[in-house]
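*Asks:* Below is the structure I would like to discuss, written out as structure tokens.
Read-outs: derived from the displayed coordinates by stated rules, not from any lab. This structure is a prediction, so every number in the text was calculated from the model and none was measured. Cβ sites come from the backbone with ideal geometry, for glycine too, and all protein chains shown count toward neighbours.
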Amino acid sequence: MTVSDRVSNLVFHPKVSNSLRVLATTTGRDKTYRAIQYFARFYAYVLIRNGFNTHGHRWAALKSAMAMGRKLFRLFKPLEHLQLAMNSAHVSGGHKFEKWTAVARQLSYAGYLTFDSIVWANGVRFLTLDPVHTVRAGLIAQRFWLAGVILSIANGIVRINRHASSMKELRKANTSEKSDVPEDIAYELQALSRDHSAIRYQLVMDVFDIWLPASNLGYVHVNEGLCGVFGFITSVMALRLQWAAAAGKKV
């Protein structure tokens, strides 16, 4: 095999192609930058803690730059969350607690991203806020983020319990061997199982993410290194979803 063939195989490798499809989306780029941001947060903490201040401050600067850059990606995201909130509110039937926690969650994220955009606009000097108002806008953004994650966890717990009960009832009503289960019941069980897994996956992400705004607000004392680890884990989990979507697969 020639060098040209090796280069061609590398460039057109399916994983490279899928990586480009992920990075071609705004969400894919955002989650990639988020992973870098939180890894830099963790690594800066480790370096500074061990006395490598020069290298630590370099990684801390990277973390700050990534955080600021990600805010630009999300300038119009509040509108997306408002649409999702309205769609959730217009869903007929279903569990009322699930419905209204879903609506409140999307409104919380819209509030978070709106105030986060104000912080960004001040950071790039498009707006001129005094330090007191800048800090206040940042705190309000963090409170909205924390509220959104709490609502997401509450919604996820109720939904996962409902799905588990539904699957249990279906299995109990069809106690025969799996091969004898009616096709429609088997399909419904499969759909419920997929939804159950997706909700559980999101719940794990939320449990890690909740420490970030809670720590930023001073409600809990989690060091920078641990926050970096939590953020990196949830970023990779979110990237895994984007990777599967780009590849046409389900997680």
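*Asks:* Taking the Cβ of Q242 as the center, what net charge do the other residues with Cβ under 10 Å away carry, scoring Lys and Arg +1 and Asp and Glu -1?
*Replies:* Around Q242, the charge tally is +3.
*Asks:* State the answer as a single residue: which of A141, S235, G51 lies farthest towards the positive end of the charge dipole of the chain, with beta carbon charges of +1 for Lys and Arg and -1 for Asp and Glu, about the Cα centre.
*Replies:* The listed residue farthest towards the positive side: G51.
*Asks:* Next up: With only Lys, Arg, Asp and Glu charged, each at its Cβ (+1 for the first two, -1 for the last two), find how big the charge dipole of the chain is about the Cα centre; round to the nearest 20 debye.
*Replies:* Magnitude of the dipole: close to 520 debye.
*Asks:* Output the Cα-based Rg and Dmax of the range 193-247 in Å, rounding Rg to one decimal and Dmax to a whole number.
*Replies:* Spelled out, the Cα radius of gyration and Dmax of the range 193-247 are 13.1, 40 Å.
*Asks:* Give me the net charge of A164's neighbourhood, meaning all other residues with Cβ under 13 Å from the Cβ of A164; Lys, Arg count +1, Asp, Glu -1.
*Replies:* Surrounding charge for A164 is +4.
*Asks:* Suppose only helical runs count, i.e. DSSP H with n ≥ 4. What mean residue ellipticity at 222 nm does that imply for the chain under -39500 (n - 2.57) per run, divided by all residues and rounded to the nearest 500 deg cm²/dmol?
*Replies:* Value at 222 nm, helices only, nearest 500: -28000 deg cm²/dmol.
*Asks:* Here is a further query. K63: which aspartates and glutamates have alpha carbons under 15 Å from its alpha carbon, excluding same-chain residues fewer than 8 sequence positions away?
*Replies:* D30, E224
*Asks:* Limiting things to C-alpha atoms, what are the Rg and the maximum Cα-Cα separation (Dmax) for the range 76-183, in angstroms?
*Replies:* Over the range 76-183's Cα set, Rg and Dmax evaluate to 20.7, 70 Å.
*Asks:* Counting only Cα, what are the radius of gyration and maximum Cα-Cα distance Dmax of the range 1-138, in Å?
*Replies:* Computed over the Cα atoms of the range 1-138, radius of gyration and Dmax are 20.8, 64 Å.
*Asks:* Taking 0.36 nm per residue of separation and subtracting the Cα-Cα distance, what length does fully extending R136 through A244 add?
*Replies:* Net length gain for the segment: 35.0 nm.
*Asks:* What residue among K71, K168, K31 has the largest mean-square fluctuation in a Gaussian network model of the chain, using Cα springs under 10 Å?
*Replies:* In the Gaussian network model the winner is K168.
*Asks:* Next question. Kirkwood hydrodynamic radius for the range 72-112: how many Å is it when counted over pairs of different Cα atoms?
*Replies:* 10.4 Å
*Asks:* Counting Lys +1, Arg +1, Asp -1, Glu -1, what net charge surrounds Q37 among other residues with beta carbon under 9 Å of its beta carbon?
*Replies:* Value of the local net charge: +4.
*Asks:* Ranked from highest to lowest mean number of other Cβ atoms within 10 Å per residue, what is the order of the peptides 83-94, 236-247?
*Replies:* Result, highest mean Cβ count within 10 Å first: 236-247, 83-94.
*Asks:* Ok, one more. Output wanted: per-residue J couplings in Hz (rounded whole) for the range 195-210, from phi through Karplus 6.51 cos²θ - 1.76 cosθ + 1.60, θ = phi - 60°, x for Gly and Pro.
*Replies:* Couplings: 4, 4, 5, 5, 5, 4, 4, 5, 5, 4, 4, 5, 5, 6, 5, 4 Hz.
*Asks:* Turning to a different aspect of this structure: Restricting to Cα pairs below 8 Å that are 6+ residues apart, what does the relative contact order work out to for the chain? Please round to a whole percent.
*Replies:* 26 percent
*Asks:* Take the chain, connect every pair of alpha-carbon atoms lying under 10 Å apart with a spring to form a Gaussian network, then pick out the residue of D184, D116, D30 with the largest mean-square fluctuation.
*Replies:* D184
*Asks:* Taking springs between alpha-carbon atoms closer than 10 angstrom, which of Y45, Y219, Y33 fluctuates most in the Gaussian network model of the chain?
*Replies:* Y219
*Asks:* Can you pull out the chymotrypsin sites (Phe, Trp or Tyr not before Pro) in the range 90-190 whose DSSP state is coil and whose Cβ has at most 16 other Cβ atoms within 10 Å?
*Replies:* Sites meeting the loop and neighbour criteria: F126.
*Asks:* Relative contact order for the range 14-140: what is it in percent, counting Cα pairs under 8 Å that are at least 6 residues apart?
*Replies:* Contact order relative to length: 18 percent.
*Asks:* Here is a follow-up. For the range 10-130, give the magnitude of the charge dipole about the Cα centre (Cβ charges: +1 Lys/Arg, -1 Asp/Glu; no others), in debye to the nearest 20.
*Replies:* Around 340 debye, computed over the range 10-130.
*Asks:* Another question about this same structure. With the Cα gyration tensor of the chain in hand, convert its eigenvalues to equivalent ellipsoid semi-axes via √(5λ) and list them largest first in whole Å.
*Replies:* Computed over the chain, the values are 36, 28, 18 Å.
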